[in-house]
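**Student:** One structure, as structure tokens, below. Some questions next.
The values are calculated or read from the model by the stated rules, or taken from the named source; none is laboratory data. As the structure is a computational prediction, the values presented were derived from the model and not from experiment. Positions of Cβ are generated from backbone atoms using ideal geometry, with glycine treated the same way; all protein chains shown enter the neighbour counts.
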Amino acid sequence: MTVEHSSGTAPNIDETNADATAAESGSGLNAVNGSTGAHTASSAQNDIKILVVDDSATIRRSAETMLTSAGFDVVTAENGFEALSKVARHNPQLIFVDIMMPRLDGYQTCAIIKNNERYRSTPVIMLTSKDGLFDQARGRVVGSDLYLTKPFTKEELLGAVQQHATS
């Protein structure tokens with residue numbers, strides 16, 4: 001999805017909601033089954049909706065598979081702009097965000113989410129291959145709730161969900 005803002009500043013969640021339909025119709029397609037990235041499992045956990053944001057299709061699919069097999073409802077996005085529209089559209093209870101993404105990185109995406117009164121209490125977990133203290137501190141400054149280093153195991157991913165998700 002291409003979103004240009006003439007002010008040169010990052011959009012807020014409410015601005016990107018207008019672009020949600022465009023995001024759903026194209027770049028949000030899941031390469032595995034052609035769906036829009038929203039899946040509902042049949043277990044008791046399916047009332048917890050989780051957004052996974054990563055520019056790597058492999059990471060998105062891996063996290064989506066791990067989470068849906070555990071019974072969670074998963075929505076995916078491939079960049080920060082698409083993530084903001086999906087936050088507004090799907091109102092997830094937990095968000096995983098990759099740090100290193102083009103145009104709107106994970107830090108900026110997290111800051112926009114956390115600066116919105118409606119989504120301030122939604123846990124945001126940063127996903128990254130960087131494990132430095134500076135990167136973790138920067139994540140905390142923008143409001144992230146946890147820092148998960150890639151590659152992560154199913155146990156680490158589900159442990160983060162158990163620690164932070166509420167239905």
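**Student:** Which of the residues belonging to the stretch 84-101 are in contact with a Pro (Cβ under 7 Å, 6 or more places away or on another chain) and either in a helix (DSSP H, G or I) or more than 18 Å from Met66 (Cβ to Cβ) (or both)?
**Tutor:** Leu84
**Student:** Right, here's the next one. Only residues that are closer than 13 Å to Met66 by Cα, basic (Lys, Arg) and part of a loop (DSSP other than H, G, I, E, B): list them for the stretch 142-167, please.
**Tutor:** none
**Student:** Does Glu64 satisfy being crowded, with 20+ Cβ neighbours inside 10 Å, part of a helix (DSSP H, G or I) and either charged (D, E, K, R) or without any contact (Cβ under 8 Å) to a residue 24 or more places away in the chain (or both)? Reasoning before the result, please.
**Tutor:** Working: crowded, with 20+ Cβ neighbours inside 10 Å: yes; part of a helix (DSSP H, G or I): yes; either charged (D, E, K, R) or without any contact (Cβ under 8 Å) to a residue 24 or more places away in the chain (or both): yes.
Against the criterion (crowded, with 20+ Cβ neighbours inside 10 Å, part of a helix (DSSP H, G or I) and either charged (D, E, K, R) or without any contact (Cβ under 8 Å) to a residue 24 or more places away in the chain (or both)), Glu64 qualifies.
**Student:** Taking interchain pairs and intrachain pairs at least six residues apart, which have beta carbon atoms under 7 angstrom, with the first residue in the stretch 138-166 and farther than 23 Å from Thr58 by Cβ and the second assigned to a helix (DSSP H, G or I) and modelled with pLDDT of 95 or more?
**Tutor:** Arg138/Tyr107; Val142/Tyr107; Val142/Cys110; Val142/Ala111; Val142/Lys114; Gly143/Cys110; Gly143/Ala111; Gly143/Lys114
**Student:** Also, quick follow-up: For the stretch 151-167, which residues satisfy the criterion of being surrounded by fewer than 18 Cβ atoms within 10 Å (Cβ to Cβ) and either in contact with a helix residue (DSSP H, G or I) (Cβ under 6 Å, 6 or more places away or on another chain) or among the basic types (Lys, Arg) (or both)?
**Tutor:** Passing the criteria: Lys154, Ser167.
**Student:** Take the residues of the stretch 141-150 that are within 22 Å of Asn115 (Cα to Cα) and either hydroxyl-bearing (Ser, Thr, Tyr) or under 16 Å from the mean Cα position of the chain (by Cα) (or both): which is surrounded by the most Cβ atoms within 10 Å (Cβ to Cβ)?
**Tutor:** Applying the first criterion (within 22 Å of Asn115 (Cα to Cα)) to the stretch 141-150 yields 141-148.
Add one more test, that the residue is either hydroxyl-bearing (Ser, Thr, Tyr) or under 16 Å from the mean Cα position of the chain (by Cα) (or both), and what stays is 142-148.
Values: Val142: 18, Gly143: 17, Ser144: 24, Asp145: 19, Leu146: 18, Tyr147: 19, Leu148: 17.
Among residues in the stretch 141-150 that are within 22 Å of Asn115 (Cα to Cα) and either hydroxyl-bearing (Ser, Thr, Tyr) or under 16 Å from the mean Cα position of the chain (by Cα) (or both), the one surrounded by the most Cβ atoms within 10 Å (Cβ to Cβ) is Ser144.
**Student:** Moving on. Across the stretch 102-131, which residue is surrounded by the fewest Cβ atoms within 10 Å (Cβ to Cβ) among those that are of a type in the set (S, T, N, Q) and not in a helix (DSSP H, G or I)? Talk me through it step by step, then tell me what you get.
**Tutor:** Step one: of the stretch 102-131, the residues of a type in the set (S, T, N, Q) are 108-109, 115-116, 121-122, 128-129.
Adding the requirement that they be not in a helix (DSSP H, G or I) leaves 115-116, 121-122, 128-129.
Numbers: Asn115: 13, Asn116: 16, Ser121: 10, Thr122: 21, Thr128: 19, Ser129: 13.
Checked the stretch 102-131; the qualifying residue surrounded by the fewest Cβ atoms within 10 Å (Cβ to Cβ) is Ser121.
**Student:** For the list (1) surrounded by fewer than 17 Cβ atoms within 10 Å (Cβ to Cβ); (2) among the aromatic types (Phe, Trp, Tyr); (3) touching a residue at least 24 places away in the same chain (Cβ under 8 Å), I need the number of the one condition that Phe134 fails.
**Tutor:** The number of the failed condition is (3).
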